[in-house]
Structures are given as structure tokens and as C-alpha cells.
Amino acid sequence: MTQMSKIERAATMHDIKISAKDVQVYYGENHAIKDVNVEIEDKTVTAFIGPSGCGKSTFLRCLNRMNDTIDICRIKGDILLDGEDIYDKRVDPVQLRAKVGMVFQKPNPFPKSIYDNVAYGPRIHGLARNKAELDEIVEKSLRRGAIWDEVKDRLDAPGTGLSGGQQQRLCIARAVATEPEVLLMDEPCSALDPIATAQVEELIDELRQNFSVVIVTHSMQQAARVSQKTAFFHLGNLVEFGETSQIFTNPVDPRTESYITGRIG
Amino acid sequence: MSASWLLIILLALAGLGFLLGRNRALASVGGDLRKLHSLPNYYGFNVAMLAFVPAVLVLGLWAVAQPMVIDASASGVIPQTYYQDEGALNLIMSDVRRVAEGLDLAVAQGVLSASEATVLNTQTTDLRALLGGVGVALGSEVAPEVLAAAQKMRVMTATGNWIMTAIVLAAGLGGFLVAVRMTQATLRARNLVESGILILLIGAASIAILTTLGIVLSLIFNTINFFSLFPAGDFLFGTTWSPEGRGGSEHLGILPLLWGTIYISLVALVVAVPIGLFAAVYLSEYASRTTRGFAKPLLEVLAGIPTIVYGLFALTIVGPMLVSVFGADGLGWMQGTRSVMTAGLVMGVMLIPFVSSLSDDIINAVPQTMRDGSYGLGATQSETVRQVVLPAALPGIVGAILLAASRAIGETMIVVMGAGAAARLDLNPFAAMTTVTAKIVSQLTGDSDFASPEALVAFALGMTLFILTLGLNVLALYIVRKYREQYE
Ligand SMILES: Nc1ncnc2c1ncn2[C@@H]1O[C@H](COP(=O)(O)OP(=O)(O)OP(=O)(O)O)[C@@H](O)[C@H]1O
Ligand SMILES: [Mg+2]
């Protein structure tokens, strides 16, 4: 009861950016997401937490229709972005993904130079009118990805030649370069050291001024630090969703409590 | 005893050795497997290996060496006055071999008894008729010298076979006994078998390398031989090819052939590379699983069609079709059905599955996460293919194209049937031309002497082809390496 009123209060503070209703996801016979209802607000960081294999990545991938690329994946229910059903036939998934960007769980730089990796999105969407503007976008994005200082002297070097953590930050820079309205980040800090992690968290905080960010993380501290809302998934169910402070200090569901105190997971 | 019987005996010995070695190893530890150094089968294989392999090697070497030794000593029987040169001696020796063979056959069929066969006389017996009766036809009457040499050959072969049997059996039994005596719990049978396998693999690899080396060396020597009879400059830079030149003026210039080869291959690649590549992109990126399931095997069926069938197709369908458009009744560019275009188009069709199935495998090997990254940034499917998938697959695709080029350069049948035999330097793609491979065939299928420049030129042509394809392969390797450095 208290939880509901809190969501309502938050909703009045910010507009609802994405709203998911009764979402079911199946991989063939495997029912991976069950009855998930969630509302993601604009200008807010929402954290998805939960044990491995509980469906966090799967649900995240529903939000920008990345699951379309998996043959066996079927999705039921409604997901609305700014009030429009993204699974509607008239919606072009390509344009949707330009609006809802994604950083993947595994770093996946293209086999191109660092510069071309970041410039990829802006070039496709025609965000830069000339080379100077493109250079500017690339530099800004790499700075936001907290990797500029490490790569500024070798922008022509292949992105695949970077270390795992550097590749992860390059992918973050690549995703923010297209200026998405919603950024979905699947464990963006899993391979980063504390310093880079702090920089990425700073970036997330900065992005929150204008956009909405959804972050999947296995670090309770990170979820507590960066997010305003937290969703706890367990075995494909959304167990609890609410204000981050409330979830971490006063969880309603006993499963949430045992997870954040380290007893299941 | 014949070689095949020996082989069967050795196999039996090896089988027996396997059982014996295994049991002996087991018995030595009272059936407790854990006390053995290796699994029992290894002890068995070790005995079988030592019994079989050395003996078979001896058998193989003997079987190769014996005829050479016997030939050499039998030819000593023929008096020097009887022949002028090596060639004549070779002819006589082949007669000798036939007589020896015929006599053996006659004994085997009961026409002669074994003792009768050893005391034949050319004066008293009509050997030619006798051997003809057992199915060995001779070109002339048998001279006494030939009979003497044949008899010597028979005697030596008989003793040689006996000695061989004895030595091979001794080697087999020796290996068998040594291996059985070695077998005990502490013997590292596993390691011995392992090194046996290593030697086998090294042997296979060296046979592959040595034969290649042999082929290349024979090419080189015969090419040098050719250049000693024919000026290299005229061959490499000559613009006319007319081996049967009148009045001793002979032109063996390679340029028209090389031009034909390159022109036809180019037409073929222009057909095959875009179509093959697009087909591969469609199959791996766009096609549904079911479409792919039947389209890919269907395309690969094309690769299984023998090239002679493509040649027929070129001659009977593509050629006439082109003539009806570009021939005398149409644009007037084409004289006959045979042309660069005919052969090139058909060869291109032949290469499509080659390019597409190689490229398809390579495109499929590009990880899905790479495509996800591109889709995640809002790229369309064709943008993803063009800007991410194809660049990532480029080194492999270039390799596939160069392989296809090598095949196009080496293709013969389609050229003979589709492009004709006229060596010509011409830019018109509707003119008949020919290639290096087709000329190699025509130079060697006549009844020309193998020591003449007209025949030896085939080796020089072969050498040129070899260098050309080798160059292409080196280039392919270089490109693949270069991009790999950049991308991985
Ligand atoms: N491509 C796929 N094909 C089939 N099943 C899948 C696929 N991807 C995920 N699954 C299944 O869906 C379930 C949820 O997987 P998901 O990747 O969403 O978990 P997750 O919460 O992100 O885990 P982690 O924290 O380990 O990343 C798992 O049972 C998994 O086996
Ligand atoms: Mg995940």
C-alpha cells in the first residue's frame, strides 16, 4: 500500500517515459519473463537488480526491441514509449533503437578504429553536418565515457585492441554519441576499476538531467548510489519496484530482503 | 610367397600381438589395472605396431628396389653390339619383361612345366606362338639374347621373392618377439604408441610436402630444358603463338595465352563475385531459417556439377544465345559461338557457389554481438551489413575471391568448349581466344616428341600458371594478415 502511493507520488514528479504492462517473454518453451508491470520515469535512473538468470537482460532488451533479432523469442503484453506501443506494426524498430540506446552486457566494439566506433551512430543518423562537428561529438562522447584521456592519441587504433574495461567504456561512449532519450545499460561497470566506475556513475548522473537511464547491476552499492528507482527481479517475476531508498532500507517482500542482504542470489 | 599373402600374415601377426600384449600386461599385474602404466589396449597396440610396421616398411622398400636391381643385371646380358642407345635398350628390356612374364604365365596355366620353361631354345620352339597362346602378344620373333635375359630375370625374381619373404617374416616375428618381451607393468606403452602415431603423422606430412616439391622441381627442370632450346625472351614477350609455324619459323609467345587467361577469368569474376557475395549476404543475413535450409544446399549442387557439363552448356546454349544477339544477325560483333564472353559467363556461373558458400561461412562467423551493437545504435539491416559485418568479414571474403580467381585461371574444359583454341591478342570480348591451360592440353595431345620445344613448352606454360596462382595465394595471405592485425 505504501509502495503504491510512493510510485504515484514519483509519477507526479516526472512524466512516465516507458510503461510496461503484463509483459511475458518466452524463449521457445522457456517462460523467461512473467507478468512484468513497470513504469520507467523520464529524467530518472532506474536500477534492475536480481540474481543471475532472472531475466534482467531479457526485459531490458524488450525495451528497445533487441529481442527481435532472436528467432525463438516471443513477447506478449504492451510496452509504451511516450504513450505509444513500441510493438505496434507502424513502429520502425530502427528508429526506436535510435531513441532507446543500449550498452550491452558484453563489450562489443566494431572492428573499426576508435573514432569510427564512436562516429558510427552520428554518421548513420546524420547528426553532424561536417567533419569538425563530428570530431566534436566524438570527443565529447569519449569524455563522457571516461576514456578520452586514454585514447586521445590513438583514435585511429582499432577499438578491438583495447582492454576489456576500455572496450566497455568505448561502448558507453558509442551509445551516448547518438543522444538517445533512454539509455539502457546492461552491467556497464562489470569490468571497470573503481575509478572508471565512479566516472561512469558520474556520467549516469549527468545523463539523468535530460534523459532516462535504466541500469542493470549486480552491485547493491551501485544501485543504491546511482538510482532513484529500483526493480528487483527473481525467476522472471518483478518482485518489487519502488524508490531505491525504500527498497534498500525497508523492502516489502521477504525475497527482496534476503537478496539485498546476500542470502539468495 | 606373394606380397598380398605376406601382408595378410603380418596383419594376423599384428592381431595376435595385440591380444598377446594386452593379456601379458594384464597378467603381469594380476588383473589390477591401476598398477599398469598405461591402459591395457596400449600394450596391445604397441606389440601390434612393432610387429607390423617395420616388416611392412621392409616389404615396401624391397618391392620397389627388387625390379630395379633385376632390370639392371638382366640388361647386362644383352650384348652392347645389340643396341645403339638408351632408347633402343629400353625397348629391348620391355620385350624381355614381356617374355619373362609370358613364361611365368605359361607355367601357371600348365602349357609348360617349370623345368621345361628353364631349358627353352629359340631354335627349337616357336616362342612367339607359344606366348601368344597364353595371351602375351609379342611384336617380333624372340632373339636368343632376349630369351637369355628373360630367363635370368625369372631366376633372379624367384630367388628375390624367397629372400623377401624370409626377411619380411623375420622382421615381423622379430618385432613381435621384442615387443612381447618388453611388455610389463612399467613399460610406457602409451608414450610408445603416441610416438608411433607422431611418426605416422610426420610421414604423411612429408609425403605431401615432398610430392609437391617433386612436382615443382620437375616443372623447373623441364622449363630450364625448354629455355635451352627456345629463347626465353621470345617465350615471355612474344605476341604470336603458332607452334606449327611454316618453314621452321616457330612462334611460342605466351602473351596471347596469358591475355586470354586473364580476360576470361576477369569476365568470370565480374559475374561470380557480386552475385556470389550478394547471395551469401542474403542467405546469412536476410533469409529465414527455412529458406536458408533449402537454398544453400541447392546453390552447393552447382558446385558439384563437373566442369565438362558447364562446357557443354557453354557450347550448346550460351554460345548460340550470345550469337543471336551479338552475332552477324544482331550487332555483328561475334563471329562464332565460341568467345571470351561465352566461356567467361559460364565459368562465372560455375564460380558463384564457390564464392557464395565460402563467403557465407565467413559472414556467419562474424559474432552476433557485433550485429547487436549496430542494431542497438539504430542502424538498419543493410547499414549493419555494409558497415559492420562485411568489413569484419573482409579478409575472409578477399581470400575466397582470390581462391575463385585461382580456379578460374586453372579451368580448362569450359575454355576448350566455350572459348575455342585460337590464340589471339584482342580486346573484343566476343572474339574467340584461348588460355594457357587449354594450350597445355593441345601441346601434349598430339603425337609430338616429348623432347621437342613444342612439347616442352607445356612445362614452361605450367610453370607460368603455377607462378600466377602462387602469386595470387601469397597476395591473399598478405591481405588476410594485414587486416587481421588491424581487426583483432
Ligand atoms: N538468446 C536466448 N535464447 C534462449 N534463452 C535465453 C536467451 N537469452 C536468455 N535466455 C534465458 O532467459 C533467462 C533469463 O536470461 P537473462 O540473460 O535475461 O538473465 P540475466 O538476469 O540478465 O542474468 P545475468 O545477471 O547473468 O546477466 C535465462 O534462463 C536464460 O537461459
Ligand atoms: Mg544479463
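Does the stretch B:364-388 hold any residues that are within 41 Å of the chain's Cα centre (by Cα), part of a helix (DSSP H, G or I) and closer than 26 Å to A:Gly101 by Cβ, and which are they? Break it down stepwise before answering.
Initial filter on the stretch B:364-388 (within 41 Å of the chain's Cα centre (by Cα)): B:364-368, B:385-386, B:388.
Next cut, part of a helix (DSSP H, G or I) only: B:364, B:368, B:385-386, B:388.
The answer is B:Gln368, B:Val385, B:Arg386, B:Val388.
Could you check how many residues of the stretch A:157-176 are surrounded by fewer than 18 Cβ atoms within 10 Å (Cβ to Cβ), in contact (Cβ under 8 Å) with a residue 24 or more places away in the chain and either under 13 Å from A:Phe110 (Cα atoms) or of a type in the set (Phe, Trp, Tyr) (or both)?
1
Considering (1) surrounded by 14 or more Cβ atoms within 10 Å (Cβ to Cβ); (2) among the charged types (D, E, K, R); (3) closer than 30 Å to B:Leu33 by Cβ, say which one B:Arg181 fails and leave the rest.
Condition (1) is where B:Arg181 drops out.
Among A:Asn67, A:Asn108, which is the only one that is closer than 18 Å to B:Thr369 by Cβ and touching a Pro at 6+ places or on another chain (Cβ under 9 Å)?
Criteria check complete, one pass: A:Asn108.
Identify, from the list B:Ala404, B:Ala379, the residue that is within 14 Å of chain A (Cβ to nearest Cβ) and crowded, with 22+ Cβ neighbours inside 10 Å.
B:Ala379
Quick check: anything in the stretch A:182-195 more than 16 Å from ligand 1 (Cβ to nearest atom), within 14 Å of chain B (Cβ to nearest Cβ) and touching a residue at least 40 places away in the same chain (Cβ under 8 Å)?
Checked the stretch A:182-195: at least one residue is more than 16 Å from ligand 1 (Cβ to nearest atom), within 14 Å of chain B (Cβ to nearest Cβ) and touching a residue at least 40 places away in the same chain (Cβ under 8 Å).
When both residues are 6+ apart or on different chains and their Cβ atoms are under 8 Å apart, which pairs have a first residue that lies in the stretch A:28-45 and is surrounded by fewer than 19 Cβ atoms within 10 Å (Cβ to Cβ), and a second that is among the basic types (Lys, Arg)?
A:Asn37/A:Lys21; A:Asp42/A:Lys17; A:Lys43/A:Arg208
Please verify whether the stretch A:105-124 includes one or more residues that are away from chain B (no Cβ under 13 Å), hydroxyl-bearing (Ser, Thr, Tyr) and closer than 22 Å to A:Lys140 by Cβ.
Looking for residues that are away from chain B (no Cβ under 13 Å), hydroxyl-bearing (Ser, Thr, Tyr) and closer than 22 Å to A:Lys140 by Cβ, one finds at least one in the stretch A:105-124, hence yes.
In a helix (DSSP H, G or I) and under 30 Å from B:Ala100 (Cβ atoms) - does that describe any residue in the stretch B:171-190? It would help to see each step written out before you state the result.
Looking only at the stretch B:171-190, we keep the residues that are in a helix (DSSP H, G or I), and these are B:171-182, B:189-190.
Checking which are under 30 Å from B:Ala100 (Cβ atoms) leaves us with B:171-172.
The answer is yes; a qualifying residue exists.
Among the listed residues A:Arg65, A:Arg61, which satisfies the condition of being of a type in the set (Lys, Arg) and either away from ligand 2 (no atom under 16 Å from the Cβ) or modelled with pLDDT of 95 or more (or both)?
Details: A:Arg61 fails: either away from ligand 2 (no atom under 16 Å from the Cβ) or modelled with pLDDT of 95 or more (or both).
None of the others qualify; the one that does is A:Arg65.
When the residues of the stretch A:44-67 are narrowed to those that are among the basic types (Lys, Arg) and more than 6 Å from ligand 1 (Cβ to nearest atom), which ends up farthest from A:Ile86 (Cα to Cα)?
Keep residues of the stretch A:44-67 that are among the basic types (Lys, Arg), which gives A:56, A:61, A:65.
From what's left, more than 6 Å from ligand 1 (Cβ to nearest atom): A:61, A:65.
Details: A:Arg61: 12, A:Arg65: 8 Å.
Checking each candidate, the answer is A:Arg61.
Sort out which residues of the stretch A:196-222 are within 16 Å of ligand 1 (Cβ to nearest atom) and farther than 18 Å from A:Val100 by Cβ, and write them in order of number.
First pass over the stretch A:196-222, keeping only residues within 16 Å of ligand 1 (Cβ to nearest atom): A:214-220, A:222.
Selection gives A:Thr217, A:His218, A:Ser219, A:Met220, A:Gln222.
So, in the stretch A:223-236, of the ones that are more than 16 Å from ligand 1 (Cβ to nearest atom) and in a helix (DSSP H, G or I), which residue ends up farthest from the other protein chains (Cβ to nearest Cβ)?
Looking at residues that are more than 16 Å from ligand 1 (Cβ to nearest atom) and in a helix (DSSP H, G or I), I get A:Ala224.
Could you list, in sequence order, the residues of the stretch A:70-108 that are within 16 Å of ligand 1 (Cβ to nearest atom), assigned to a loop (DSSP other than H, G, I, E, B) and within 30 Å of A:Ala173 (Cβ to Cβ)?
A:Ile70, A:Phe104, A:Gln105, A:Lys106, A:Pro107, A:Asn108
Any idea which of B:Glu141, B:Glu145, B:Glu101, B:Glu116 is modelled with pLDDT of 85 or more and among the acidic types (Asp, Glu)?
Checking each option against the conditions leaves just B:Glu101.
Among (1) within 16 Å of ligand 2 (Cβ to nearest atom); (2) in contact (Cβ under 8 Å) with a residue 60 or more places away in the chain; (3) farther than 21 Å from A:Leu63 by Cα; (4) among the polar types (S, T, N, Q), where does A:Thr217 come up short?
Result: A:Thr217 passes all but (3).
Evaluate the following for B:Thr316: is it within 14 Å of chain A (Cβ to nearest Cβ) and either under 15 Å from B:Gly418 (Cα atoms) or of a type in the set (Val, Ile, Thr) (or both)? Break it down into steps so the answer makes sense when it comes.
Values: within 14 Å of chain A (Cβ to nearest Cβ): no; either under 15 Å from B:Gly418 (Cα atoms) or of a type in the set (Val, Ile, Thr) (or both): yes.
The answer is no for B:Thr316.
Take the residues of the stretch B:458-488 that are aromatic (Phe, Trp, Tyr) and under 19 Å from B:Ala365 (Cα atoms): which is modelled with the highest pLDDT? Even if it seems obvious, please write down each step before you answer.
Kept after step one, since they are aromatic (Phe, Trp, Tyr), are these residues of the stretch B:458-488: B:459, B:466, B:478, B:483, B:487.
Now narrow it down to the ones that are under 19 Å from B:Ala365 (Cα atoms): B:483, B:487.
Numbers: B:Tyr483: 68, B:Tyr487: 52.
Applying the filter and picking the extreme gives B:Tyr483.
Being without any contact (Cβ under 8 Å) to a residue 60 or more places away in the chain and on the phi < 0 side of the Ramachandran plot: is that true of A:Gln228 here?
Details: without any contact (Cβ under 8 Å) to a residue 60 or more places away in the chain: no; on the phi < 0 side of the Ramachandran plot: yes.
Spelling it out, it is not the case that A:Gln228 is without any contact (Cβ under 8 Å) to a residue 60 or more places away in the chain and on the phi < 0 side of the Ramachandran plot.
Taking A:Gly53, is it more than 14 Å from chain B (Cβ to nearest Cβ), in a loop (DSSP other than H, G, I, E, B) and surrounded by fewer than 23 Cβ atoms within 10 Å (Cβ to Cβ)?
So A:Gly53 passes the test.
Any residue in the stretch A:243-258 that is part of a loop (DSSP other than H, G, I, E, B) sitting within a Cβ distance under 7 Å of a residue that is of a type outside the set (Val, Ile, Thr)? List the pairs, counting only those 6 or more apart or interchain.
Qualifying pairs under 7 Å: A:Pro251/A:Glu240; A:Pro251/A:Glu257; A:Val252/A:Gln3; A:Val252/A:Glu240; A:Asp253/A:Glu240.
In this structure, does A:Leu81 turn out to be buried (at least 19 other Cβ atoms within 10 Å of the Cβ) and within 16 Å of ligand 2 (Cβ to nearest atom)?
Considered against the rule, which asks whether it is buried (at least 19 other Cβ atoms within 10 Å of the Cβ) and within 16 Å of ligand 2 (Cβ to nearest atom), A:Leu81 comes out as no.
Restrict the check to the stretch A:56-79 and report whether at least one residue is more than 14 Å from chain B (Cβ to nearest Cβ) and without any contact (Cβ under 8 Å) to a residue 12 or more places away in the chain.
Looking for residues that are more than 14 Å from chain B (Cβ to nearest Cβ) and without any contact (Cβ under 8 Å) to a residue 12 or more places away in the chain, one finds none in the stretch A:56-79, hence no.
Counting residues that are closer than 26 Å to B:Ala3 by Cα, which helices (runs of 4 or more DSSP H) fully inside the stretch B:66-156 reach at least 2?
So the answer is B:86-109, B:114-118.
Considering only residues that are among the aliphatic types (A, V, I, L, M) and either facing chain A (nearest Cβ under 7 Å) or under 17 Å from A:Glu179 (Cβ atoms) (or both), which ones fall in the stretch B:366-376?
B:Met370
For the subset of the stretch A:125-134 comprising residues that are farther than 16 Å from B:Thr384 by Cα, surrounded by fewer than 12 Cβ atoms within 10 Å (Cβ to Cβ) and not charged (D, E, K, R), which member is farthest from the other protein chains (Cβ to nearest Cβ)?
A:Ala132
Of the residues B:Ala393, B:Ala432, only one is crowded, with 20+ Cβ neighbours inside 10 Å and closer than 18 Å to B:Ala268 by Cβ; which?
Every option except B:Ala432 fails the conditions.
The values are calculated or read from the model by the stated rules, or taken from the named source; none is laboratory data. Treat the numbers as computed from the prediction; the structure is a model and nothing was measured. Cβ sites come from the backbone with ideal geometry, for glycine too, and all protein chains shown count toward neighbours.
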